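> The structure follows.
The values are calculated or read from the model by the stated rules, or taken from the named source; none is laboratory data. Not measured: the values here are computed from a predicted model. Cβ: placed from backbone, ideal geometry, glycine included. Neighbour counts: every protein chain shown. Heavy atoms of the whole protein, side chains included, go into the accessibility calculation; ligands, DNA and RNA do not. Shrake-Rupley method; radii C 1.70, N 1.55, O 1.52, S 1.80 Å.
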Amino acid sequence: MSSKGAVFERTCRDVLRHAGWFVVKMSDGSDCDLVALRPEAGTRRTVVVLVEAKSGKQSCRPEQWNRLVSLSWALNATPVLADKVPGVAAPRFWEMTALKSGKRGEPQPRIPFDIDAWGTA
């Protein structure tokens with residue numbers, strides 16, 4: 001992993017922790033970079049989010065995307081992609097809503113993910 005990627009992962013971790021999440025960094029080569037947990041508002045359940053952090057121009061390839069989405073669904077977790085906008089310090093978080101076909105020009109199946117919302121993730 002590049003030092004730029006490691007710095008971005010730490011930034012994502014710190015932003016999530018500041019928003020009240022308990023965050024664990026996964027080892028290199030894992031299907032995700034971070035696992036974030038927090039209690040679901042008004043319940044005794046825990047919200048689990050698997051985060052893939054992408055700091056540069058490289059996107060999440062369909063194989064990697066689909067592996068993370070499938071794993072998340074099997075664990076009843078939410079798959080999230082964190083990316084960086086050039087010139088903006090804070091990462092953007094996206095819920096990955098479906099498998100990715102890999103067809104050129106097709107939009108990525110994702111919606112904004114609000115890390116500050118304490119309802120159901």
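> How fast does the chain diffuse by Stokes-Einstein, in µm²/s, taking the Kirkwood radius from C-alpha pairs at 4 °C and 1.567 mPa s? Don't skip to the answer; put the middle values down first.
On the way: Rh = 14.7 Å.
Result for D is 88 µm²/s.
> If I model a spin label at Ala98 and Arg61 as a point 7 Å from the Cα along the Cα→Cβ vector, what separation in nanometres do I get?
According to this spin-label approximation, the distance is 2.3 nm.
> Counting pairs of Cα atoms in region 1-45, how many percent are more than 12 Å apart? Intermediate results must be reported in sequence, preceding the final value.
Working: 639 of 990 pairs.
Tail of P(r) above 12 Å: 65 percent of Cα pairs.
> Please compute the length gained on full extension between Arg45 and Ser27, using 0.36 nm multiplied by the number of residues separating them and subtracting their Cα-Cα distance. Before the final figure, lay out the partial values.
Values: separation 18, 0.36 × 18 = 6.48 nm, distance 2.58 nm.
Between Arg45 and Ser27, full extension yields 3.9 nm more.
> Of the heavy-atom accessible surface of the chain (probe 1.4 angstrom), what whole percent is carbon and sulfur?
Numbers: 3880 of 7130 Å².
Ligands and nucleic acids excluded, carbon and sulfur reach 54 percent.
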